[in-house]
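Presented below is the structure to which this report refers.
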Amino acid sequence: MATNTEPQNADAENLHHVTSADDIEDGERVVVDIEGREIAVFHSNGEYHALSNYCTHQGGPACEGLLSGTIDVDEDDELIWTCDKEIVACPWHGWEFDITSGEHLASDKYRLPSYDVHVIDGDLYVEF
């Protein structure tokens, strides 16, 4: 889920402090334990996204692998680089997930749970 800087509909009881927004540079992530859940918070292209760090394949640390992009085809049938810093590969077996949605790139049967991230007074909070 994308960043929400004004959590008007968020219940304060469901907000969990992660870190200062300044602690995560663009293109980086932090993995935290919140109430027994490992959650990765990514800072990518100016937005924050949060996913479960549990791979749906074999339980590996899905969000701790390479963060990159993907190849697509444009309207002129040319290969182009897209989704820069939005695709994470599980380091165990290379399963790739879109950090903006949790969707698995190769199959719509799999996805990682995603969570809303709020920036409040310069701090990051995950909502669940």
- Message: Counting heavy atoms of the protein chains only and a 1.4 Å probe, report the per residue accessible area for the chain as a whole number of Å².
- Response: 56 Å²
- Item | the chain: antiparallel DSSP beta bridges as a percent of all, rounded to 5 | 95 percent
- Query: Carbon and sulfur together cover what percent of the accessible area of segment 42-128 at a 1.4 Å probe radius?
  - Reply: 46 percent
- Message: Out of all Cα-Cα pairs in the chain, roughly what percent, to the nearest whole number, are more than 17 Å apart?
- Response: 56 percent
- More than 20 angstrom apart: percent of Cα pairs within segment 45-108: 28 percent
- Treating only Lys and Arg (+1) and Asp and Glu (-1) as charged, each at its beta carbon, one finds that the chain has a dipole about its Cα centre, in Debye to the nearest 20, of 660 debye
- Out of Pro91, Val32, Gly59, whose Cα points farthest toward the positive end of the dipole of segment 1-121 (charges: +1 Lys, Arg; -1 Asp, Glu; placed on Cβ)? Gly59
- If you average the sequence gap of Cα pairs under 8 Å that are 6 or more apart and divide by the length of the chain, what percent do you get for the contact order? 30 percent
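The values are calculated or read from the model by the stated rules, or taken from the named source; none is laboratory data. This is a predicted model, so every value here is computed, not measured. Positions of Cβ are generated from backbone atoms using ideal geometry, with glycine treated the same way; all protein chains shown enter the neighbour counts. In case anyone asks, the SASA skips ligands and DNA or RNA and just uses the protein heavy atoms, side chains included. Shrake-Rupley method; radii C 1.70, N 1.55, O 1.52, S 1.80 Å.
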